[in-house]
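In what follows, a structure is listed as structure tokens, so that the remarks can point back to it.
Throughout, read-outs are computed from the coordinates displayed, never taken from laboratory work. Computed from a prediction, not measured in an experiment: that's the story for all the values here. Cβ atoms come from the backbone with ideal geometry, glycine included; neighbour counts cover every protein chain shown.
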Ligand SMILES: [Zn+2]
Ligand SMILES: [Zn+2]
């Protein structure tokens, strides 16, 4: 399990490739000095879950250990173990969207964590979240359960993780209620399946809309700035600048998709 000091203002484009191991927490030195002594960088760890190798992401404050679990799609035993290895204390669960690989384990993890609140996604995901059990049966993930968040998110809302603000951008297209969470002070975003390194979200699922997805990426993600680093729902981290320059979907060519 890689543990990332967030890149703060010193994010290097193209840097920060995840090498996923679920076993160890390798503490790295705090490189987020640019964020200021009063705001040490949050840490993040990526836990690949489900047959889709979805990047369930743990984010926490290195001092208080308080944090959030983003997109616990399944393999809840593994997520729970990594939470324990990191020593973090989840205060909430955050969902970027309602697909099985991102949300299928949320109801169970909420129970195991003593009922912590679930925040997100946008309410347009309600049909997908209501159908998680059926989604799970279709993909052999038989423990998946329907879930209703404690808080739906809308454009401009703020999600607090360990006391840090993450701004909500509603980015429909991959799914109607996908949200992206942006932490501006540390130039960092959680983008779910909206944008990937070298690709964008699939839009051939029910409710998919290719033009809406491209519009959201062009009008909401690219303007964040080239230095923004992001963790996506599948595959390695990237930066907005790297994708703006090299992502074939943003240049009009074809490429590969993640589910
Ligand atoms: Zn998805
Ligand atoms: Zn996914």
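Worth pointing out:
- D (Stokes-Einstein, µm²/s), Kirkwood Cα radius, the stretch 170-259, 1.567 mPa s at 4 °C: 102 µm²/s
- Ordering 207-217, 50-60 by mean Cβ neighbour count within 10 Å, with the highest value first, yields 50-60, 207-217.
- Chain lengthening between residue 138 and residue 66 when straightened (0.36 nm per residue, less Cα-Cα): 22.4 nm
- Computed FRET value (nearest 0.05) for residue 184 with residue 112, which takes r as the C-beta separation and R₀ as 45 Å: 0.90
- Stretch gain in nm, segment residue 209-residue 222, where the contour uses 0.36 nm per residue and the Cα spacing is subtracted: 2.8 nm
- Each label point was placed 7 Å from the Cα along the Cα-to-Cβ direction; for residue 150 and residue 126 their separation is 2.0 nm.
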